[in-house]
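Visitor: Below you will find the structure I want to go over with you.
The values are calculated or read from the model by the stated rules, or taken from the named source; none is laboratory data. Predicted model only: the values in this text are computed from it and were never measured. Here Cβ is always computed from backbone atoms with ideal geometry, including for glycine, and neighbour counts include all displayed protein chains. For accessibility, only protein heavy atoms count, side chains too; no ligands or nucleic acids. Shrake-Rupley method; radii C 1.70, N 1.55, O 1.52, S 1.80 Å.
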Amino acid sequence: MTIELLCKETIAHYRQRFLLIHEGHVWNTLTDLEFLKKIGAAKINSDDGRVYPTAAGLLMFGYESEIVYVTEDVKKPFVLDGITRVDNTPTHKAIREILFLY
């Protein structure tokens, strides 16, 4: 997933709120990419040197379709409740809660 998958409008709104709450903070002068790295929403991949969104960045600034795509990769351990398989992990619950807020 590339950094372009993040919503620029959502990033701009977040930065505006950050600016109001943290007036004079040194991060307010950073580019969006540098800002995203500072807050942990993006990270440099050591293999290719490119910047990619982190899971947190995708959940915070990503589009719903991309967030749902990420849930497909979330591991579901094999757990039984009696004879019923339990597929509802804490991670899946957290992703659903985030999507519900939107």
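Visitor: Any residue in the stretch 26-42 that is open to solvent by 80 Å² or more (accessible area, probe 1.4 Å) sitting within a Cβ distance under 6 Å of a residue that is assigned to a helix (DSSP H, G or I)? List the pairs, counting only those 6 or more apart or interchain.
Guide: Hits for this filter: LYS38/TRP27.
Visitor: Is it the case that the stretch 71-90 has a residue that's β-branched (Val, Ile, Thr), at pLDDT 95 or above and either open to solvent by less than 90 Å² (accessible area, probe 1.4 Å) or touching an Asp or Glu at 6+ places or on another chain (Cβ under 9 Å) (or both)?
Guide: Within the stretch 71-90, the subset β-branched (Val, Ile, Thr) is 71, 74, 79, 83-84, 86, 89.
Among the residues that remain, those that are also at pLDDT 95 or above are: none.
No, there is no match, as no residue in the stretch 71-90 is β-branched (Val, Ile, Thr), at pLDDT 95 or above and either open to solvent by less than 90 Å² (accessible area, probe 1.4 Å) or touching an Asp or Glu at 6+ places or on another chain (Cβ under 9 Å) (or both).
Visitor: Could you tell me whether LEU33 is touching a Phe, Trp or Tyr at 6+ places or on another chain (Cβ under 6 Å), of a type in the set (A, V, I, L, M) and modelled with pLDDT of 90 or more? Lay out the reasoning, then the answer.
Guide: Details: touching a Phe, Trp or Tyr at 6+ places or on another chain (Cβ under 6 Å): no; of a type in the set (A, V, I, L, M): yes; modelled with pLDDT of 90 or more: yes.
Considered against the rule, which asks whether it is touching a Phe, Trp or Tyr at 6+ places or on another chain (Cβ under 6 Å), of a type in the set (A, V, I, L, M) and modelled with pLDDT of 90 or more, LEU33 comes out as no.
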